[in-house]
Amino acid sequence: MSYLTPGSAPPLSTDLVLTVAASLGLRLPPEDVQQLAISLADQAAAVALLDEAPVDAFNPAIEFDPRWRD
């Protein structure tokens, strides 16, 4: 499993960031777009690491009872 350092993922394109922001109804100051592209790329890379997690040996939790205790 690899680990990430901030800014290690290639940044997203500014066009993609602006498109996502527009679809969410957000207005971004132009000076914030590049930093946001870097931050979003880091977040996407961190989530992508979850694909490497060895979860085959575990059964998914399909029920939850709040009365259960450890």
Exercise. Restricting attention to the stretch 27-42, does a residue exist that is surrounded by 10 or more Cβ atoms within 10 Å (Cβ to Cβ), closer than 14 Å to Ser8 by Cβ, touching a residue at least 40 places away in the same chain (Cβ under 8 Å) and out of contact with any strand residue (DSSP E or B) (no Cβ under 8 Å at 6 or more places or on another chain)?
Worked result: no
Exercise. Can you find even one residue in the stretch 48-60 that is surrounded by 11 or more Cβ atoms within 10 Å (Cβ to Cβ), modelled with pLDDT of 80 or more and either of a type in the set (Gly, Ala, Ser) or more than 17 Å from the chain's Cα centre (by Cα) (or both)?
Worked result: yes
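The values are calculated or read from the model by the stated rules, or taken from the named source; none is laboratory data. Just so it is clear, the structure is predicted and the values come from calculations on it, not from any experiment. Positions of Cβ are backbone-derived with ideal geometry, glycine not excepted, and every protein chain shown enters the neighbour counts.
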